[in-house]
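Here's the structure, in structure tokens; my notes come after.
Here, each number is a calculation from the coordinates, and none is a lab measurement. As the structure is a prediction and not an experimental result, all values here were calculated from the model. Cβ: placed from backbone, ideal geometry, glycine included. Neighbour counts: every protein chain shown.
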Amino acid sequence: MRADAARRRETIVHAARSLVAARGSDVALDAVAEAAGVGIGTLYRNFDSRAALLDEVALSILSDVRAATRDAADRLGEEPGGAWDEFVERLVGLELGALTAALAEHAGEALSPEVRAAQDEALAGVDQLLETAQGEGLVRTDLTAMELVTTVGMITRPVPESVRRAAPDLRTRLVSILARGLRPEEP
């Protein structure tokens, strides 16, 4: 693929990812094309269906989860508390709610093999990081990778505008509650 075509494809995925995070997976493909600054024909030349585009959104987010996990694992030995807190913040910043929407609403039980493999790899990495963080006493020992990722996904799901207006700091507050809840129980 030519460099300009690869950049255009990446721009489409980035636009789709942002819109799915904000509106859910049923966002109009015309809106994705417009946000990416391309025509609908260009979008369809890159992704022959909504499912193909949503698979790519899921793969992009899962790739970022793996990168955040690797970075945290590299830093955990040097600065355990800071590395763990930064990891959770990065997960929140990845808008995992968009991943949840892309996977649950468009694919249900029939995830593509590529997305399933990427999901399994990302969860395995989070499991290893979680085990290390638990060994450092940073995180409660009964937490699983799936629970962590699912909870962050629930916090970052698109919320109606009326909720955002009524509680503009809701996400920040929920992340703070989550961070406290992840800590080990004190005897």
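Quick check for me: using +1 on Lys/Arg Cβ and -1 on Asp/Glu Cβ, what's the dipole size of region 1-100 about its Cα centre, in debye to the nearest 20? Walk me through the numbers before you get to the answer.
Working: 12 positive and 17 negative charges, 97 e Å.
In debye, rounded to 20, region 1-100 gives about 460.
Radius of gyration over Kirkwood radius for the chain, both on Cα atoms: the Rg/Rh ratio is 1.01. Annotation for region 20-71 versus region 126-160: alpha-carbon center distance of 25 Å. Of the complete DSSP H runs in the chain, none spans 24 angstrom or more by Cα along the long axis with a mean Kyte-Doolittle score not below 1.6.
Selection among L54, Y44, A73 by position relative to the dipole of the chain gives Y44 as farthest towards the positive end (Cβ unit charges, Cα centre).
Taking the number of other C-beta atoms within 10 Å as the exposure measure, put V13, V57, V159 in order starting with the fewest.
Values: V13 20, V57 30, V159 15.
Going from least to most buried by this count: V159, V13, V57.
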